[in-house]
1. What figure, in Å² to the nearest 10, do you get for the accessible area of residue 193 with a 1.4 Å probe and non-protein molecules left out?
2. So, with a 1.4 angstrom probe, what is the percent of accessible area on the chain that is carbon and sulfur?
3. Mind giving me the nanometre distance, one decimal, between the label points for residue 227 and residue 69, set 7 Å out from Cα along Cα→Cβ?
4. With all protein chains present and a 1.4 Å probe, how do 154, 333 order by accessible area, largest first?
5. With a ≥ b ≥ c the root eigenvalues of the C-alpha gyration tensor of segment 110-162, is it rounded (a/c under 1.5), prolate (a/b larger than b/c) or oblate?
6. If you stretched the chain out fully between residue 168 and residue 37, how much longer would it get, using 0.36 nm times the residue separation minus the C-alpha to C-alpha distance?
7. Using helices alone, what [θ] at 222 nm do you get for the chain, with -39,500 (n - 2.57) per DSSP H run of 4 or more residues, divided over all residues and rounded to the nearest 500?
8. Once the Cα atoms of helix 152-173 and of the chain are each reduced to a long axis, what angle between those two axes, in degrees from 0 to 90 to the nearest 10, is obtained?
Amino acid sequence: MAGKERSVTRTFGILTAGGDCPGLNAAIRGVCRAAYDRYHMNILGIANGYRGLIEGDVRPLAPADFSGIITRGGTILGTSREKPFKSTEIGEDKVKAIKENYNKYQLDCLVTLGGNGTNTTGYLLSQAGLNVLGLPKTIDNDIEGTERSFGFHSAMAICTDAIDRLHSIAASHNRVMVIETMGHKAGWLALYSGIAGGGDVIIIPEIPYNIKTIAGHLNKRARSGKSFSIVVVAEGALSAEEAKMDKKDRKKYRAELGLPSIGYRVAREIEAATGMETRATVLGHVQRGGIPSASDRVLATRFGTAAADLLARGEYGKMVAQIGIGIGAVDLSVPAEKVKKVPQDDPLLDTAAAVGTCLGAASALVLGGAD
Ligand code: F6P
C-alpha cells in the first residue's frame, strides 16, 4: 500500500491483562503493524496490564519491538490481574491514576487485550470518559459477544494432546484416567478437548454431575469389554448436591473434603463407586503456555488489524469480535460483567451424547445422563 492512510487516532496505549495465553504477541503485532504501517500512529506499550497504567510504566513501541513475535507465547508487555475498580476506596485512587496517565501520555485510545475482567474494566473506564478498544483473549472462550477468543484453539490442542497421551496409559493399565482442564465457570475447553480426545465422560460446570450416572456409564463400558475410560472434567465442575448449596456452604463442604481440586475428587468418587483403579491429572498452566496454534495466530492477527481499522476510524468503546465467520465489533457493554457459558441446548452437547459420551447429569432428561 502506497503512503499512509488517514487516522482519527494519533496515539494509543496497548496493554495485556489477566491470565496470559498463546496469541497475545500475535495480536499485539497485528494491531501495531497495521496501526504503524498503514496509519502511522504512535504506539505506547503499557507494562503488566492495568497496573502499568496506574504506575505510569509506559514506553514507546517501535517496529523492532513488535517484529518477530508472532510465534512467541506469553506477552512481551507482561500482564497482571490488577482490577482498578475492585475495592472502592483504593479503587478510586487507581482509576484517578489511570485517567491522569491516560492524559499525561496524550492517549487518544487505550487498547486492551484480555478476558472478562479486562473487558469489564475497559467498559467501566469508557463509562468514565476514556476511549477504550478491547480484543478478546482467553483459553476459556467464555467472552460474551464473540464466537471465539484467541488462545482457546491453542489450549484445546494442548489438552487434546494430553488426553491422547493419557489414553494409552489408561488402555495399558486398564484404568480410568481423569483429566482436569481449566475453565472455572464455563466448560468450553473441557467440552471441545473432551470430544476431540474421545472422552467417555465430560463434566462441565454448566451440568452438575451425579457420580452414580458416571459410575453407571463406566460400568456399562466395562461390561461391554472396555477395560479403561477417559474422564475429562473442567476445574469449575460441581456435583448435583453442591449445585443446591450456597457459595459459603459449598466452600465449607469442599474444605472438609480436603482435596486439592475437582479432578482428584472425581477420581476418588469413581474409584469408590466402581472399584476401578483411577488416576487424576491436572493439566494446569501448561494449557496457557508456549507457542500459539496456527489458527490462533490467524485469529489474533485478524482481530489486531481490525482493531487498527477501528482506531483509524475513531470507533471506540467496542470489543473486536468474531461474529459468525467474519470479524466485527460489539459494544464494550456486551462482554462486561458476563461469562459466556455452554448453553444447555448447545448442539455440541448433543454431538457428544450422540457418540456415546456421558455428560454426567443427574437426570436422564439432560443430555448424556441416560446411562
Ligand atoms: O482466565 C483464564 C484462566 O486460565 C482460567 O481458566 C483459570 O481458572 C485461571 O485463568 C487461572 O488463573 P491464574 O493463572 O491466575 O492462576
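The values are calculated or read from the model by the stated rules, or taken from the named source; none is laboratory data. Note that the coordinates shown come from a computational prediction; the quantities given were computed from them, not determined experimentally. Don't worry about glycine lacking a Cβ; one is built from the backbone with ideal geometry, like all the others, and counts go over all protein chains shown. These accessible areas exclude ligands, DNA and RNA; they are computed on the full protein's heavy atoms, side chains included. Shrake-Rupley method; radii C 1.70, N 1.55, O 1.52, S 1.80 Å.
1. About 0 Å², rounded to the nearest 10.
2. 51
3. 5.2
4. Working: 154 5, 333 45 Å².
The ordering from most to least exposed comes out as 333, 154.
5. Numbers: a/c = 3.57, a/b = 3.20, b/c = 1.11.
Here segment 110-162 falls in the prolate category.
6. Numbers: separation 131, 0.36 × 131 = 47.16 nm, distance 4.92 nm.
Extra length available between residue 168 and residue 37 comes to 42.2 nm.
7. Working: 12 runs with 145 residues, N = 371.
My calculation for the chain gives -12000 deg cm²/dmol from helical runs alone.
8. Roughly 20 degrees between the two axes.
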